[in-house]
Amino acid sequence: MMNTQTLRSARVAAEIPASLLAAKAKVNRTRLSQMERGYVQPTENELRRLSQALAQLIHARAVVQSAAASVGWPMGGVL
């Protein structure tokens, strides 16, 4: 399971907005921000939900990009 620094790095690299990750993982957006900045420690449950949600969002992005590319839809900056 990822720690909060690894999670943040992966989220930023994948260009996933923190608000989207927080909503998907059912974590308060402010709390996620505090976790990512090291002000609060996530519970095991929160960290698990965040890791799973991020993996799902990254996968969904890849699926959408692949589908768009298959029909010639330009994806630059769309997702």
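Structural remarks
- The range 58-70 residues that are under 18 Å from S9 (Cα atoms), paired with ones that are at pLDDT below 90 and not β-branched (V, I, T) (beta carbon under 6 Å, 6 or more apart): R61/L79
- Per the listing M75, M2, the residue uniquely modelled with pLDDT under 95, surrounded by 13 or more Cβ atoms within 10 Å (Cβ to Cβ) and more than 13 Å from the chain's Cα centre (by Cα) is M75.
- Each residue in the range 14-36 was checked for being at pLDDT 95 or above, exposed (fewer than 14 other Cβ atoms within 10 Å of the Cβ) and over 10 Å from A53 (Cβ atoms), and 4 of them qualify.
- Number of positions in the range 1-16 that are in a loop (DSSP other than H, G, I, E, B) and more than 11 Å from L57 (Cβ to Cβ): 3
The values are calculated or read from the model by the stated rules, or taken from the named source; none is laboratory data. Computed from a predicted model, the values in this text were never measured in an experiment. Reconstructed Cβ throughout: ideal geometry from the backbone, glycine too, with neighbour counts over all protein chains shown.
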